[in-house]
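Right, one structure below, let's go through it.
The values are calculated or read from the model by the stated rules, or taken from the named source; none is laboratory data. What you see is a predicted model, and the numbers here were worked out from it, not measured in a lab. Ideal geometry is used to build each Cβ from the backbone, glycine not excepted, and the neighbour counts take in all protein chains shown. With ligands, DNA and RNA removed, areas are computed over all heavy atoms of the protein, side chains included. Shrake-Rupley method; radii C 1.70, N 1.55, O 1.52, S 1.80 Å.
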Amino acid sequence: RAEGNPFYLEELVMMLISDGVIVCESPSAGQNECWYVEPDRLKDLRVPSTLVGVLQARIDNLSDAEKELLQRAAVIGRRFWDMPLEALAAGKVEPPLPDELAAVNAEVKRLCERQLIFPQPRSAFQHAQEYIFKHAILHDVVYETVLLKLRRLYHRLVAEWLEVNCHDRLDEYAGQIAFHYEQARENEKAFEWLYRAGTAASDISAFSDALDLFQRAQALLPPDASARRARLLSKIGFIHSRLGDMKQASEILQTAVDMAASLEEWALLSRAQDSLGFVVFTMGDVERAKDLAVGSLDAARKSGDIERMAGALMNYADFQETEQAVQAMLE
C-alpha cells in the first residue's frame, strides 16, 4: 500500500501503536524495551488505502480534547504557539494566566508524545513556546476536520492575537494577519492588511509577492470603493513597471490617473502621474512623460501635501535633466 513512501510507513506504524496492534513493554532493570505484535488485533486490522486515510485514522484515535486542541493549532498554521492556542480556547486575545498556559502545554505535550507535533528550540514570540506539525500533509488533514462555523471565529481570533502581540513587527506579520482576516470573511480588515503587506513587500523589492497581495486585496473591494480602487491600481501599475511589464503598467496606471482625476484625489493623482511618467518615458514617449511631470506637480500643489509636492518637484527636476541629456545625445 505504501509503495515506498516512508512517511506513509511511519504513520502506519504510529497508527498500529495507537491501536494497540504493536505494543511496547517498558523495560525492566537491565533489560531492553520489548516490542511485539498482538496477533488477535492484527487479524481484524483494516489498513487505510491512502496516506490521508492513515492520518485521518490517527486523528480519530485522539480524545475529544486532544482533537479539538490539534484543530485549533491547525487554524493558527503549521507553526503555532501556545499563547494563541489558549486564546482560541478562551475566546479572547488577552495574555493567558500562568496556570491557563500550563494547562495548554500539558495537553500539547501529549500530542508531542504521539509525534503529531514537535516543540521548536526557538520561538518567534517572546514568552511563547513554538510548535510545528510533523508534516504539512498532516496539518492540512487536521485543518479540514475543523467545522466551518468554527473556522471563521478561530481565524478572526488568531488575526486579533497577532495584531495585539506583534508590536513593532506588524509589517513582518501583515501577510499572516491578512490571511486570517480573509479566512474569517472580514473583508474590510483583510483589505487593509493586504494593502499594508503589499506595500511592505514592495518597499523591499519583493515585487512578485507584492503583486499577489495587492491583487488579493483588489478582489475584496466592493463596487463602490472607487477611491481605494484607484489607490490600489496605482500600486499595482507601479509593481508591473518594476517587473518590466510596461504595457500592462501603462494601461493600469492610466486607469488610476483617470479615476483619481474624476475623484479629485490630488495626492493620489500626482503619485499615479509620476509612475505613469516613468513608464511612458521608458517606452520612449518623452513629450508625454514631460506633460505628466507637469500635471503631477500641479496636482501635488492642489493637494496641499508638502511631502507629495517635494516628491513631484524632485521627479520634475529629474525629468528635465534627463530630457536635456537625451536632446544633447540626439543633437
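Amide H contacts of E130 (H built 1.01 Å from N, in plane; Pro and chain starts excluded): Q120 sit under 5 Å, all sequence-distant by 5 or more or on other chains.
Compared with the direct C-alpha span, the chain from A90 to C34 gains 16.0 nm at full extension, assuming 0.36 nm per residue. Partners of K67 within straight-line reach, counting aspartates and glutamates whose Cα lies under 19 Å from its Cα and excluding those fewer than 8 residues away in the same chain: E11, D19, D82, E86, E100, E107, E113, E130, D140, E144.
Residue ranges 71-78, 20-27 sort as 71-78, 20-27 when ordered by packing (mean number of other C-beta atoms within 10 Å per residue, highest first).
The stretch between A102 and L221 holds 38.6 nm of extra length on full extension. This uses 0.36 nm per residue minus the Cα-Cα distance.
Over the C-alpha atoms of the chain, the Rg to Rh ratio, Rh being the Kirkwood estimate, stands at 1.17.
Each label point was placed 7 Å from the Cα along the Cα-to-Cβ direction; for D140 and E68 their separation is 2.8 nm. Karplus-based coupling profile of segment 125-134, in residue order and whole Hz: 10, 5, 6, 10, 7, 9, 10, 9, 5, 4, with θ = phi - 60° in 6.51 cos²θ - 1.76 cosθ + 1.60 and x standing for Gly or Pro. Using only alpha carbons, segment 252-322 has a radius of gyration to Kirkwood radius ratio (Rg to Rh) of 0.95. Helix screen, the chain: DSSP H segments with Cα axial length of 27 Å or more and mean Kyte-Doolittle hydropathy at least -1.0 are 306-330.
Most tightly packed first, judged by the mean number of other beta-carbon atoms within 10 Å of their residues, the peptides 274-282, 214-222 read 274-282, 214-222. In segment 184-292, one over the average inverse separation of all distinct C-alpha pairs is 14.0 Å, which is the Kirkwood hydrodynamic radius.
Taking a straight Cα-Cα cut-off under 22 Å and skipping sequence neighbours fewer than 8 places away in the same chain, the lysines within cross-link reach of K247 are K235, K290.
Across E68, E287, E33, mean-square fluctuation computed from a Gaussian network of the chain (C-alpha pairs under 10 Å connected) peaks at E33. Rolling a 1.4 angstrom probe over the protein heavy atoms with all chains in place gives the chain an accessible area of 54 Å² per residue. Once the convex hull of all Cα atoms in segment 25-89 is built, its volume per residue stands at 173 Å³.
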